[in-house]
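> Structure below; questions to follow.
The values are calculated or read from the model by the stated rules, or taken from the named source; none is laboratory data. Worth saying up front: this structure is predicted, and the values here are computed from it rather than measured. In this analysis, Cβ positions are derived from the backbone assuming ideal geometry, glycine residues included, and neighbour counts consider all displayed protein chains.
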Amino acid sequence: MIMIKFTKLHGNGNDFILIDEYQDEIVRDKAEFAATYCDRRFGIGADGVLFLSKSDHANIRMQLFQPDQSEAEMCGNGIRCLARYAIDEGYITRDGSFTIKTLAGVLTVDTDGEWIKVDMGTPKWGGVHEINNYEVHSVNTGVPHAIIFTDNQDVAINEIAPKIRYAPVFPEGTNVNFVKVNSESEILIRTYERGVEAETLSCGTGAVASAYVARRLGLTGDQVVVRTAGGSLRISFTANGGAFMAGGAVRVYEGMVK
């Protein structure tokens, strides 16, 4: 029986299992592995499984498989967790810039050893839609997001969000964010994640998407603190619309599974 080493990490409570395949591929059926071990009662428990490997196009490569066996294009909190692990293991330098290959492209990451800052590229605007009496703003920050502004964050998100997540206007599905603007420099968000099919404590790409739409509407400026249930992220925008996400990532524990 082959034993597989794993590392558990989280970014603002958005938690992941990481499998180190830097030297060799360990898990063949990654989708099935994610479905089995993301289970919080019968597995390790996580919002997804990160697979770290070498890349011909970047310093390292990230793959993310979710509990429903789908492979996500990108994940803001996940990429910071992968970066934290790679720094700890010496795969990349502790200070400076490096690149990570994802399904959403090659992303540049900067770190001072503590905070990790990711160049998220330029968000892609998708328009405004009327869905189930909600005004829904659509944007892609590596993965698709629906943004709904509300003054009341006490919403039944796990009941409302699936109706938007599966709306025909989103053929590949979408993540759903409920956003409250506190000031021109701070917003609150709650996110229902596609693939997890539930609310998570934090979503990095959702934080960028929410801040982008708020800025586009003139509700916030170029520097925004995004508050999530699991903690805060700092989102900033360049003059040409490029987005950066900065936050921490925590290594929790290690273990072995069969």
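> With the structure loaded, tell me whether residue 29 is in contact (Cβ under 8 Å) with a residue 40 or more places away in the chain and charged (D, E, K, R) or whether it fails that test.
no
> Would you be able to say whether some residue in segment 193-215 is surrounded by fewer than 22 Cβ atoms within 10 Å (Cβ to Cβ), modelled with pLDDT of 95 or more and among the aromatic types (Phe, Trp, Tyr)?
no
> Any idea which residue in segment 62-104 is nearest to residue 142 (Cα to Cα), counting only those that are among the acidic types (Asp, Glu) and in contact (Cβ under 8 Å) with a residue 60 or more places away in the chain?
Here the answer is 73.
> State the number of residues belonging to segment 199-233 that are of a type in the set (D, E, K, R) and touching a residue at least 60 places away in the same chain (Cβ under 8 Å).
The qualifying residues number 1.
> Something else about it: Can you pull out every residue in segment 180-233 that is of a type in the set (S, T, N, Q), within 14 Å of residue 14 (Cα to Cα) and not in a strand (DSSP E or B)?
If the condition is that a residue be of a type in the set (S, T, N, Q), within 14 Å of residue 14 (Cα to Cα) and not in a strand (DSSP E or B), then 202, 205 are the ones that fit.
> Where in segment 76-177 are there strands (runs of 3 or more DSSP E), lying wholly inside it, with at least 2 residues that are of a type in the set (Phe, Trp, Tyr)?
none
> Taking the conditions exactly as written (assigned by TED's automatic domain parsing to the domain that holds residue 195, under 23 Å from residue 198 (Cβ atoms), of a type in the set (S, T, N, Q) and in contact with a helix residue (DSSP H, G or I) (Cβ under 8 Å, 6 or more places away or on another chain)), does residue 152 satisfy them or not?
no
> So, in segment 234-258, how many residues would count as being outside any strand (DSSP E or B), at pLDDT 95 or above and aliphatic (A, V, I, L, M)?
Final tally of qualifying residues: 1.
> Moving on to the next point. Return the total of residues in segment 106-121 being surrounded by 14 or more Cβ atoms within 10 Å (Cβ to Cβ) and touching a residue at least 12 places away in the same chain (Cβ under 8 Å).
11
> I would also like to ask the following. Considering every residue within segment 118-127, establish whether at least one is more than 20 Å from residue 240 (Cβ to Cβ), at pLDDT 95 or above and of a type in the set (A, V, I, L, M, F, W, C).
Taking every residue of segment 118-127 in turn, none turns out to be more than 20 Å from residue 240 (Cβ to Cβ), at pLDDT 95 or above and of a type in the set (A, V, I, L, M, F, W, C).
> Given the options 187, 147, 164, 160, name the one that is crowded, with 17+ Cβ neighbours inside 10 Å and either at pLDDT below 95 or more than 29 Å from residue 108 (Cα to Cα) (or both).
That would be 164, the only listed residue that is crowded, with 17+ Cβ neighbours inside 10 Å and either at pLDDT below 95 or more than 29 Å from residue 108 (Cα to Cα) (or both).
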